[in-house]
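Following: one structure in structure tokens, then a few remarks.
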Amino acid sequence: MRISRTFVALISSLLLCYIPAGATTVTPIYTASLQLVTGGVAGQTSYAHPHPVGLLPYKPATIMRIPQGIKDPVYGAIQFGPADHPTDFAIVSSSDASGLPVTVIDDNHNGDLTDDKPVDWKPVHFKAFNGVTLTRYIGTTVLNVPYKSGNLRMPLQLILPAKDPSDPNAAAEGDTLLYVPDYIRKGTVILNGVSYNVMLYDSTARGDFRPNLSAAFGGTWLLIDVNHNGVIDQRGETYEVGKPFNIAGVTYDAIVPDANGSILQISKSRTSVPQVLPPPNLSPGHTAPPFTATTVTGKHVSFPQDYHGKWVLLYFWGSWCPDCAQQNPYMEKAYKKFHSRGLQVLGISIDQADFSAQVQAYMHNNGMNWPDIYDGKMWDAALAQLYFIRLIPTPLLVDGTTGKIVAGRTELLHENLDATLSRILGRQP
């Protein structure tokens with residue numbers, strides 16, 4: 001039987017339509033083995049999404065035995081592991097005679113909760129919105145999770161929300177247990193000849209590192225230390241697995257073939273997305289990002305070229321900022337004292353649109369007799385974005401000859417400013 005070329009082309013196009021989302025036929029350019037790191041991970045990242053488990057007074061059929069002495073128990077289950085064959089870990093919870101929580105989780109998922117260790121709850125006190133001091137409890141559990149390649153012990157941090165009788169929301173919230181991942185995958189990848197530390201984070205604590213939660217958010221973050229500063233920044237170093245990302249001008253796709261997250265594959269993407277640069281490292285010894293700008297008086301500034309042989313105090317501030325109002329007198333005093341010794345100040349004001357006249361009047365009235373850059377975009381100001389400034393006042397001392405930062409924010413605030421300048425300006429820039 002002869003098959004027409006048109007029919008073959010049609011079948012091929014239909015098959016392409018059924019390639020799963022996130023899949024790629026491109027050969028990976030790098031495959032990394034990622035190590036599972038457990039314990040001490042919870043609370044170290046802002047990407048966790050607490051997963052709630054409702055607790056009800058109905059015993060599920062999967063629970064065969066519970067410890068003796070548990071009165072008025074409530075039950076639930078943590079569903080965890082590969083999305084195509086997850087495991088249910090049963091929960092029984094109650095309170096002892098003193099009102100403290102007693103919770104047991106079927107960590108080995110055998111239906112018998114008498115051979116599992118009760119959760120060691122630690123109280124955490126905090127103030128509610130109405131000023132009442134409440135207590136929540138923090139604990140941990142380690143689940144023995146089946147995967148195709150074998151079982152893994154996966155820890156979770158557990159949270160019992162406050163149930164104090166003084167909490168007006170206690171009755172409305174019902175019995176709930178929250179959990180977040182206390183594990184992460186770590187390794188290295190080499191892209192365009194550059195080695196990067198990477199982490200794979202199952203932010204929703206599903207026990208499945210593949211991006212299969214939903215079309216809106218796959219559930220897994222790829223964290224890459226692009227600027228090699230040992231810290232994962234939310235901007236430019238955090239990527240959603242299943243969506244293309246750009247590093248150094250090249251767009252890549254990340255593939256996680258196995259639920260346990262042990263393998264990470266990187267390939268060049270068929271699509272192109274712009275690169276989002278991570279924040280610069282503003283700690284001493286690192287180069288301050290160069291820029292050109294125009295001051296409020298119309299003077300052109302090239303930084304750091306215009307400051308060769310000088311010390312430059314970059315000062316991010318705002319005329320509306322009360323903390324800046326406290327810092328400004330220290331800045332004024334330092335400028336008067338050290339200007340003859342080579343100190344220059346260049347202000348960058350974080351102020352609203354059409355406020356140039358007010359900025360200049362504020363500076364004049366407060367003895368801030370140095371150049372200032374203002375573009376009226378508040379936190380979206382070009383230099384605030386370039387330096388990723390999220391807190392003002394932020395002063396930075398820069399060697400105008402090398403462009404290197406020699407003192408950071410903490411060393412230059414309030415009384416520290418005079419001491420730091422006295423120490424550093426004794427040597428030539």
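The values are calculated or read from the model by the stated rules, or taken from the named source; none is laboratory data. From a predicted model like this one, the values you see are computed outputs, not experimental measurements. Note that we place each Cβ from the backbone using ideal geometry, even for glycine, and neighbour counts take in every protein chain shown.
Summary table
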quantity: Subset of the stretch 368-404 [part of a helix (DSSP H, G or I) and either surrounded by 15 or more Cβ atoms within 10 Å (Cβ to Cβ) or among the small types (Gly, Ala, Ser) (or both)]; calculated: Met378, Ala382, Leu383, Ala384, Leu386
quantity: Leading residue by the ranking (farthest from the chain's Cα centre (by Cα)) among those in the stretch 274-301 that are among the small types (Gly, Ala, Ser) and over 19 Å from Val226 (Cβ atoms); calculated: Gly298
quantity: Answer from Tyr47, Tyr30, Tyr58 - the residue that is at pLDDT below 80 and touching a strand residue (DSSP E or B) at 6+ places or on another chain (Cβ under 9 Å); calculated: Tyr47
quantity: Verdict on Val359 being at pLDDT below 95, in a helix (DSSP H, G or I) and not assigned by TED's automatic domain parsing to the domain that holds Asn246; calculated: yes
quantity: Test result for Leu100, at pLDDT below 95, of a type in the set (A, V, I, L, M), assigned by TED's automatic domain parsing to the domain that holds Tyr147 and crowded, with 18+ Cβ neighbours inside 10 Å; calculated: no
quantity: Counted residues, the stretch 325-343 - those being among the hydrophobic types (A, V, I, L, M, F, W, C) and either surrounded by fewer than 21 Cβ atoms within 10 Å (Cβ to Cβ) or not assigned by TED's automatic domain parsing to the domain that holds Ser302 (or both); calculated: 2
quantity: Filter result for the condition that a residue is surrounded by 14 or more Cβ atoms within 10 Å (Cβ to Cβ) and within 29 Å of the chain's Cα centre (by Cα), over Ile29, Ile105, Ile63, Ile91; calculated: Ile29
quantity: Tally, over the stretch 89-125, of residues that are of a type outside the set (Gly, Ala, Ser) and over 19 Å from Asp175 (Cα atoms); calculated: 10
quantity: Residue count for the stretch 307-322, restricted to those that are in a loop (DSSP other than H, G, I, E, B) and over 29 Å from the mean Cα position of the chain (by Cα); calculated: 4
quantity: Residues satisfying the stated conditions in the stretch 184-236, i.e. part of a strand (DSSP E or B) and among the β-branched types (Val, Ile, Thr); calculated: Ile184, Thr188, Val189, Ile190, Val194, Val198, Thr220, Ile224
quantity: Strands (runs of 3 or more DSSP E) contained in the stretch 93-161 and holding at least 2 residues within 19 Å of Val53 (Cα to Cα); calculated: 101-105, 133-147, 150-160
quantity: Residues satisfying the stated conditions in the stretch 115-133, i.e. under 24 Å from Lys71 (Cβ atoms) and surrounded by 11 or more Cβ atoms within 10 Å (Cβ to Cβ); calculated: Asp115, Asp116, Pro118, Val119, Asp120, Trp121, Pro123
quantity: Answer from Leu314, Leu346, Leu413 - the residue that is buried (at least 18 other Cβ atoms within 10 Å of the Cβ) and either in contact (Cβ under 8 Å) with a residue 60 or more places away in the chain or among the aromatic types (Phe, Trp, Tyr) (or both); calculated: Leu314
quantity: Among (1) out of contact with any Phe, Trp or Tyr (no Cβ under 7 Å at 6 or more places or on another chain); (2) in a strand (DSSP E or B); (3) crowded, with 20+ Cβ neighbours inside 10 Å, the one test that Asn246 misses; calculated: (3)
